[in-house]
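Inspection log for the structure reproduced underneath, given as structure tokens.
Read-outs throughout are calculated quantities, based only on the coordinates presented, and are distinct from any laboratory measurement. The model shown is predicted, which means the values in this text are computed figures rather than measured ones. Note that we place each Cβ from the backbone using ideal geometry, even for glycine, and neighbour counts take in every protein chain shown.
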Amino acid sequence: MSVLSADFIVLPYDDSLTLAGIEYARKSLHYTYNRMALGLMPRLRKIAAGVAVELAFVRHLQKEDIPFNRLGSTHFTRKDLFDLGLLPLRLPRRPGDSACLGYRSRN
């Protein structure tokens with residue numbers, strides 16, 4: 001199955017997304033692993049862009065009433081699990097705990 005241009009969506013973008021991305025990048029820079037060996041400014045841009053796009057996508061999901069969860073999101077000082085979940089899934093509450101079922105969140 002091929003991906004077609006019609007399969008993509010265009011997300012609305014405004015300054016609040018940029019500001020949220022910059023704020024997160026500023027706070028998290030020293031806690032992120034520089035796996036691409038980028039300089040300071042490219043790293044900041046990449047982090048800020050990723051956060052801005054994620055927030056734009058969350059807004060889209062909310063607007064379209066598409067279920068999602070944030071059970072894998074972590075504080076920026078901790079190792080990431082995942083950012084968004086689009087289907088119910090099983091996650092450990094803590095290492096060693098039995099799995100819990102993750103459902104929709106509006107956060």
Give the residue that is surrounded by the fewest Cβ atoms within 10 Å (Cβ to Cβ), with candidates limited to residues of segment 1-50 that are β-branched (Val, Ile, Thr) and either more than 27 Å from LYS63 (Cα to Cα) or touching a Gly at 6+ places or on another chain (Cβ under 8 Å) (or both).
THR32
Residue list for segment 20-56, filter: farther than 19 Å from ASP83 by Cα and of a type in the set (A, V, I, L, M):
MET36, ALA37, LEU38, LEU40, MET41
